[in-house]
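Just so it is clear, none of the values below were taken in a lab; they were calculated from the coordinates. Because the structure is predicted, anything quoted here is derived from the model rather than measured. In this analysis, Cβ positions are derived from the backbone assuming ideal geometry, glycine residues included, and neighbour counts consider all displayed protein chains.
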């Protein structure tokens, strides 16, 4: 600074908004004159660059995110100007950049407690990061979720309607399917929950997996649980109607399917592996079929009712077919043929011990009285001939109803009859052994044929039962009735008229036939009997192969075979049939 010449003006310095100017130790805020003795100090602003590192653990400990606050520095420089008597400072600013330091970032990560899953590449990349967005610097290991337990049903639980698209004609009586299972059938399967695996947070702590759901699953009536391949399977212990109660998570099987209403086009036909209770009628053209019993509260009209068990109908039956139990005609015939073979084999074997003892005495020369009759070859030949005829009659019948292995054993009896080197007793023993399984099978089938039909009245219908048919009301008119054991009437008048009634053992009715009516046929097996309080003319009584047609009204009738002849006992005395 130079002082002015005499009469001249001093130099001045003006304040600057970004620069602190001190003159002789005092900061100026307005234009200030200067002299050569003035001490001028200019303080230029500056700032060193720096970075703030922020690290936060987020997402339940599965991530650590870093956020950078980058602050650039600067330095201020004075711009040179030519000498002037009024100095206005001019400055320029020089920025000072800074790059984030990975080592400093690592320190911040450690200070935040992060020790697992650190992404070294992400840390190193901080040099190129801006301070706008956070970025992930560590990732934990998420827990592996478990698998929920699940219940899956293998059969429908509701009535479904199936309309096939590729069929031109559809019987709408058969499009509805009711829920149904057979004994031993799997109804539902529950897969057990599978636990998950724990994870690891970025701070090193374990993250437990969520507990998988384990739905409640209970076995109710008619169901048992079985463990198969790590799953619980609900298996039906009875045939019937499957039910699942959502409130208690219980699966059960009701052996009786109850249909509340008529069986008609709206309901469709009913078929079930269990039993059926129909609280209504069975209408024209409909079918009710079950493997168990049936109870029908209303009438059955021009319909088919078929049950593996018994059938009880409270209403009348018109122009319908009612069948209870499977057809046992073949079983009963096979029972007779087997019994014939067994009786003839027993007739031979009952003499075996006496024959062998008599033969030993004869060979020892010490015969006893009666030994010759026991050793009579002609008598032996006749007994063996009777056995051979019985076996031949058995082999002529259809054996395909037997299980395959049993049918094969029955057929082997032919070779046993002609077995070389075996005497008559050894052959009889062999035949008995070969037929033992067949006898057990037939006995089992006979015991299973215990199905009855009970109804009040039937007209123009076919009624069949593997055991008994009982008519509790007016009777049966123009019907075909077949029973494995007996046909009975218990109501009033209990009349069978103009039809055919056949039973193996017994027909016991109040009245049969009628004046001017078509013939009424009552027929029983060879060991059966017919009991009728009143028999009207034109009624045929048949026992085994013999028959008698009535020409007048008879009272208190009993028909049976006596010493092979048909005898019809009446209130007026017996009638012997030639």
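Take each of the peptides 256-264, 206-214, 502-510, average the number of other beta-carbon atoms within 10 Å over its residues, and list them starting from the highest.
Values: 256-264: 16.6, 206-214: 12.8, 502-510: 20.8.
The packing order, highest mean first, is 502-510, 256-264, 206-214.
Please report the relative contact order for the stretch 1-43, taking Cα pairs under 8 Å with a sequence separation of at least 6, and give it as a percent rounded to a whole number.
Details: 64 pairs, mean separation 18.6, N = 43.
Dividing the mean separation by the residue count of the stretch 1-43 yields 43 percent.
Specify which labelled value, from (i) 1.08; (ii) 1.53; (iii) 1.03, agrees with Rg/Rh (Cα atoms, Kirkwood Rh) derived from the coordinates of the model shown.
Comparing each candidate, only (ii) matches the computed number.
Quick check: from the Cα gyration tensor, does the stretch 518-558 come out rounded (a/c under 1.5), prolate or oblate?
Working: a/c = 2.36, a/b = 1.41, b/c = 1.68.
Since a/c reaches 1.5 but b/c is at least a/b, the shape of the stretch 518-558 is classed as oblate.
Compute the distance from the alpha-carbon center of the stretch 288-357 to that of the stretch 52-108, in whole Å.
If you average the Cα positions of each part, the centres end up 105 Å apart.
Just to confirm the number: angle between the C-alpha axis of helix 329-349 and the first principal axis of the chain, 0 to 90 degrees, nearest 10?
Around 60 degrees separate the two axes.
Å³ per residue of the Cα convex hull, for the stretch 317-361?
74 Å³
For the stretch 150-254, what is the per residue volume of the convex hull drawn over the alpha-carbon atoms, in cubic angstrom? Show your work: numbers first, answer last.
Working: hull volume 17.2 nm³, N = 105.
It is 164 Å³ per residue.
On a 0 to 90 degree scale, rounded to 10, what angle separates helix 424-434 from the longest Cα axis of the chain?
Taking the Cα atoms of the chain, the angle to 424-434 is about 30 degrees.
Please report 37, 24 as a ranked list, fewest other C-beta atoms within 10 angstrom at the top and most at the bottom. All intermediate terms of the calculation are to be shown ahead of the outcome.
Values: 37 8, 24 13.
If I rank by nearby Cβ atoms, fewest first, I get 37, 24.
Using only Cα atoms and rounding to the nearest 10 degrees, what angle (0 to 90) does helix 377-396 make with the longest principal axis of the chain?
40 degrees
If you rank 173, 152 by fewest surrounding Cβ atoms within 10 Å, what's the result? Spell out each step's value before the answer.
Numbers: 173 15, 152 9.
Lowest count first: 152, 173.
Calculate for the chain the 222 nm mean residue ellipticity that helices alone would give, adding -39,500 (n - 2.57) per DSSP H run of length 4 or more and normalising by residue count, nearest 500 deg cm²/dmol.
Working: 10 runs with 110 residues, N = 578.
Taking each H run of at least 4 residues, the total per residue is -6000 deg cm²/dmol.
Listed highest first by mean packing, meaning other Cβ atoms within 10 Å per residue, what order do 219-230, 238-249 come in? Display every interim value, and only then the final one.
Values: 219-230: 13.6, 238-249: 16.5.
The peptides rank, most packed first, as 238-249, 219-230.
In percent, what relative contact order does the stretch 329-446 have, based on Cα pairs under 8 Å that are 6 or more apart in sequence?
Values: 84 pairs, mean separation 45.5, N = 118.
Computed over the stretch 329-446, the figure is 39 percent.
State, as an integer percentage, the relative contact order of the chain based on alpha-carbon contacts under 8 Å between residues 6 or more apart.
Numbers: 1404 pairs, mean separation 35.8, N = 578.
Once normalised by length, the contact order is 6 percent.
Calculate the translational D of the stretch 533-578 in whole µm² s⁻¹ from Stokes-Einstein, where the hydrodynamic radius comes from the Kirkwood formula applied to all Cα pairs, the temperature is 10 °C and the viscosity 1.306 mPa s.
Working: Rh = 10.5 Å.
The diffusion coefficient I find is 151 µm²/s.
Starting with the highest mean, order 282-294, 370-382, 428-440, 543-555 by the number of other Cβ atoms within 10 Å, averaged over the residues of each peptide. Mind dumping the intermediate values first?
Details: 282-294: 20.8, 370-382: 12.3, 428-440: 18.5, 543-555: 15.8.
Top to bottom by mean Cβ count within 10 Å: 282-294, 428-440, 543-555, 370-382.
Does the stretch 432-578 come out rounded, prolate or oblate, given a ≥ b ≥ c as the square roots of the eigenvalues of its C-alpha gyration tensor, rounded meaning a/c under 1.5 and, failing that, prolate meaning a/b above b/c? Write down the numbers at each step before the final one.
Values: a/c = 2.46, a/b = 1.36, b/c = 1.81.
Judged from the Cα gyration tensor, the stretch 432-578 comes out oblate (a/c at least 1.5, b/c at or above a/b).
Suppose the chain between residue 29 and residue 86 were pulled fully straight at 0.36 nm per residue; how much longer would it get relative to their current alpha carbon spacing? Write out the running numbers ahead of the final one.
On the way: separation 57, 0.36 × 57 = 20.52 nm, distance 1.50 nm.
Taking 0.36 nm per residue and subtracting the Cα distance, the gain is 19.0 nm.
Let a ≥ b ≥ c be the square roots of the eigenvalues of the Cα gyration tensor of the stretch 329-446; is it rounded (a/c under 1.5), or, if not, prolate (a/b larger than b/c) or oblate? Working shown, then result.
Working: a/c = 2.81, a/b = 2.51, b/c = 1.12.
Here the stretch 329-446 falls in the prolate category.
What's the center-to-center distance, using Cα atoms, between the stretch 539-567 and the stretch 389-417 in Å?
So the two Cα centres are separated by 35 Å.
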